[in-house]
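A quick write-up on the structure given underneath.
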Amino acid sequence: MRRAHTFFLFLLLLTGANSFGRALYNADVLKPGVQIDSVPYVTVAVHNVGLMALTVTNFGTLGRGSDENIPDPVTGQNIPSMTYLKGYGLNYLYEGAYWIGGRLGNDTLVSTGGGASYGVREFWPKTYPEGDIRYRSSKDPEAPEFDSSISQQDFIAVFFDTLTDASYTGYDYYSRRFHKPMNIKITQRSYAWGYDYADDFVIFDCELGNMSFKTIKEVYIGIYLDNDIGRDYTYNSYDDICGFKATVPSRYIPKLIDTINLAWAADNDGDPDPVSGSYFGFFSPTSAAGIRFLRGPTDSSEVSFNWWVSDYNPQYDWGPRRNPPFGEPFRSFDGFLGTPVGDKNKYYMMAQKEIDYDQTETRFDHTFEGWLPPPPNAAQISYGGDIKYCLSIGPFDLGPGGVAPFTFALVAGQDFHPGGNFANIGLSALWADWIFDNPGIDTDGDGYKGKFHIFRYDSTIIAIDTIIRPTDTLFDTIWGSIYVDTLYYKGDGVPDFKGAAPPPSPKVRLYPRIDALNHGEIDVRWNGRLSETSLDQFSQQSDFEGYRIYTSLTGRVYDYSMISSYDVENFDRWEYDIWQKAWVINQQPFTRQTLRWLYGNDFDPDDYPTSDRLFAIYNYETRKYDSYFFTRHDWNQSDYRDTTNIHKVYPNQPYPSTLDLDSAAMFYPNELTPEGDLKYFEYRYVLRNLLPSQQYYVSVTTFDHGFPGRRLRPLETDPTLNAQREFAQNSSELVKEKGLSVVVYPNPYKLDAGYRERFEGWERPDLPAERTMAIHFTNLPNKCVIRIFTLDGDLVREIDHNFAPGQAGSMHESWDLISRNTMLVTSGIYYFSVESEMGNQIGKLVIIK
């Protein structure tokens, strides 16, 4: 929805040059009497370690809530709202907001972060630095942010409803009053992971605190969402659909169902090509997004789901409504049948304990089920509309100083279209719940592991007891099962926020250069000390398996290609399961040495590769022969001396005397690299025959053994987590060292040369050609000024090239063919100059259109 952007325009007017950064407000626009240190410090943060990129705030909203460009305080780049899959320009959330409602004395109040009362924002943070969003991460055990981290990306924000100043809270025209605060506090902890089972959701673990001296009665917690699904920065709000999914079929045991209670939204058809009817791959909005509560403040909390189509015209502003019970007043929402304007209407909606039918069912008459009649434009609404919805939970009372926990997850799932398939988003919703509270784990040690289902098959009669009684005979049949297993599907009620994780990925260093044949090369270096020695949080053992090298030309998560792999030499042992009547793996992989300890020094697992060539050994406990065969666990690509693949920089270095770097520096300095890392874990791979004109994203991932016996496949880190981008060109240090001359390419630049097909803009088919044109400069020092002139000496453009020494891309710069007057330049011959501490180099470039 586009109406809420006025609030962000207001904020942007208040900001200085570093919008949403440290100097948030300009003192010149503050009203007289307000001190700068009393201004709430409004800021944002972006979850982007998984497939979802989501903006969170410290003022009670989710997403961007605006069409304006708002910079990320960390990167300076424009923040997303909620993109999925990240990198493909698809938006699945315009704005979300907290709604907290309750009764204070004779007042019915709802504190809102936004939504349905335009211009009203009632949650605000403290001043800086107390009001800043805190960051933690489990990615690097040696980083300061690792301490007390829960996920790979933790953001902690605290905001309050305590202000009465209308310049912040606005005026509620529908309630016809200024804001009356509830004096409440929300602590929001949001968690995101990049693992393949947890990269489709973000979990919000929150606490609602009562800061007043009065009990707030019958409290409801609502999460308001306005999705607007489609291409980002386009008008895409008119054809969304939404609904409520209570259950999905189990993915693990046939004929069972899993409860998810998911409020969901999607584009109505995924925007296929209007002619061919086909989709544009990852560039089409074929996924679905949703929200579910993982826990409420009390065990008796009930979930409500209400949706509506918003419109300024009350005739078209509509949502499903049940007929109120006899004697209960009917609220018309101030003339609207959809949008709950004002505090009392929002509270009324959340308190109805109502689950609305799906939007696509609007065209059907539901009056016989107790609903109001459908609107005149019911068919249009069923097709899609500018929908909003609220998922709420309650009621409960909150006494003075009381704190109520609640947890929810924003989830997404691919391939909803065609056909409205809930399989993937349903699995995402389940995994969010399982990460929140691990099934089968007794977290608090009281003996309870959660809810479970006993799965069995091949039942058989064990015995029949005959009991003769005076009047009849009773046959007592005892049944048994050949195979029985216990499947836990709910946790013990104590939050865990844990999941299986691969070893931490290493920090990657890139050293680019040009070889003797003018081909590009990138020397990839990393140190694997933490990757190979960190302990798995469940087994408390190191489960490192190997490394993989990936490259990408776009940096998008699905555009990475594996170039090389290195893994530990180990083997899976297969044994026959008489109950499942299949060969299975029940143990972790064995090293070759371990197998020789078990079966003799001459044992070679490669001699028994299939079920047709079994290894048999006598079992003295069962007095039978056990038979096995063995397969490579991964590729067993473990030759660390092969310099054409991933290899060790110091292949003859023995295992270190200590893993502590400080101790090594003091007692074993010969075991350290010049950078201060342990030589034993230093690795290298050289990417060769690269295009010097192309920028490459390079990543080194780590993966673990997995646990086949528990159906847990090997886990691998996300290539985007530690990816570095670099041109396969001479580094800026090498430019200075050898005094290399600046190179311009393509020169001449020809508009009809087909650059779009491979060289420029091919990775952004959504952008017009004129937005992707560029002339490139390479062999630059890390600091210089590039100027482009006409033949008459008029300055066309000046580019300040300023990088730290050795920083990625410090040898390269591009010009988008736009003049300093923001006009596209014409065909012709131009001069360029590159001025630096090395001197001034002058040359010519030609543009042919």
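This table checks each residue for (1) within 22 Å of the chain's Cα centre (by Cα); (2) more than 30 Å from Lys217 (Cβ to Cβ).
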| residue | (1), (2) |
| --- | --- |
| Leu391 | yes, no |
| Phe396 | no, no |
| Gly402 | no, no |
| Phe408 | yes, no |
| Gly413 | yes, yes |
| Pro418 | no, yes |
| Phe422 | yes, yes |
| Leu427 | yes, yes |
| Leu430 | yes, yes |
Can you tell me how many residues within region 61-84 are in a loop (DSSP other than H, G, I, E, B), more than 20 Å from Ala192 (Cβ to Cβ) and not small (Gly, Ala, Ser)? 3
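From the set of residues in region 831-841 that are under 14 Å from Leu740 (Cα atoms) and either of a type in the set (Asp, Glu) or modelled with pLDDT of 95 or more (or both), which is least open to solvent (accessible area, probe 1.4 Å)?
Only one residue fits best here, namely Val834.
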Being assigned to a strand (DSSP E or B) and open to solvent by 20 Å² or more (accessible area, probe 1.4 Å): is that true of Lys185 here? yes
Per the list (1) open to solvent by 40 Å² or more (accessible area, probe 1.4 Å); (2) in contact with a helix residue (DSSP H, G or I) (Cβ under 9 Å, 6 or more places away or on another chain); (3) closer than 30 Å to Gly419 by Cα; (4) part of a loop (DSSP other than H, G, I, E, B), residue check on Tyr238 breaks on (2)
Test: residue in region 267-277 that is of a type in the set (Gly, Ala, Ser), assigned to a loop (DSSP other than H, G, I, E, B) and open to solvent by 40 Å² or more (accessible area, probe 1.4 Å): yes
Give just the number: which of (1) in a loop (DSSP other than H, G, I, E, B); (2) within 14 Å of Trp264 (Cα to Cα) does Arg363 not satisfy? (2)
Could you list, in sequence order, the residues of region 250-268 that are modelled with pLDDT under 90 and touching a Phe, Trp or Tyr at 6+ places or on another chain (Cβ under 9 Å)? Ser250, Tyr252, Ile253, Leu256
Out of all the residues in region 415-449, which are acidic (Asp, Glu) and touching a Pro at 6+ places or on another chain (Cβ under 7 Å)? Asp437
Which residue out of Pro329, Pro314, Pro285 is at pLDDT 85 or above and assigned to a loop (DSSP other than H, G, I, E, B)? Pro285
Residues satisfying the stated conditions in region 134-148, i.e. at negative phi, part of a loop (DSSP other than H, G, I, E, B) and not hydrophobic (A, V, I, L, M, F, W, C): Ser137, Ser138, Lys139, Asp140, Pro141, Glu142, Asp147
With in a loop (DSSP other than H, G, I, E, B), surrounded by fewer than 24 Cβ atoms within 10 Å (Cβ to Cβ) and on the phi > 0 side of the Ramachandran plot as the only criterion, which of Gly131, Gly87, Gly114 stands out? Gly87
Within region 149-165, work out how many residues are in a loop (DSSP other than H, G, I, E, B) and within 21 Å of Asp199 (Cα to Cα). 4
Sole exception among (1) assigned to a loop (DSSP other than H, G, I, E, B); (2) open to solvent by less than 40 Å² (accessible area, probe 1.4 Å); (3) of a type in the set (A, V, I, L, M, F, W, C) for Leu535, by number: (2)
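Considering region 811-830 alone, what residues qualify as being touching a residue at least 40 places away in the same chain (Cβ under 8 Å) and either open to solvent by 80 Å² or more (accessible area, probe 1.4 Å) or farther than 14 Å from Lys750 by Cβ (or both)?
Answer for region 811-830, where residues must be touching a residue at least 40 places away in the same chain (Cβ under 8 Å) and either open to solvent by 80 Å² or more (accessible area, probe 1.4 Å) or farther than 14 Å from Lys750 by Cβ (or both): Met811, His812, Ser814, Trp815, Asp816, Leu824, Tyr830.
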Out of region 156-180, which residues are at negative phi and open to solvent by less than 20 Å² (accessible area, probe 1.4 Å)? Ile156, Ala157, Phe159, Asp161, Thr169, Asp172
Condition first: assigned to a loop (DSSP other than H, G, I, E, B), on the phi > 0 side of the Ramachandran plot and surrounded by 15 or more Cβ atoms within 10 Å (Cβ to Cβ). Can you find one or more residues in region 118-125 that meet it? yes
Provide a single number: the residues in region 486-524 that are among the β-branched types (Val, Ile, Thr) and within 19 Å of Tyr191 (Cβ to Cβ). 1
Out of region 497-531, which residues are open to solvent by 40 Å² or more (accessible area, probe 1.4 Å) and either of a type in the set (Lys, Arg) or under 20 Å from the mean Cα position of the chain (by Cα) (or both)? Lys498, Lys507, Arg509, Arg513, Arg525
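Can you confirm whether Ala412 is in contact with a Ser or Thr (Cβ under 7 Å, 6 or more places away or on another chain), within 23 Å of Asn91 (Cα to Cα) and touching a residue at least 60 places away in the same chain (Cβ under 8 Å)?
Criteria met by Ala412.
The values are calculated or read from the model by the stated rules, or taken from the named source; none is laboratory data. The structure presented is a predicted model; accordingly, all values stated were derived computationally and were not measured. Virtual Cβ from ideal backbone geometry, glycine too; neighbours counted across all protein chains shown. Surface areas here come from the heavy atoms of the whole protein model, side chains and all, with no ligands, DNA or RNA. Shrake-Rupley method; radii C 1.70, N 1.55, O 1.52, S 1.80 Å.
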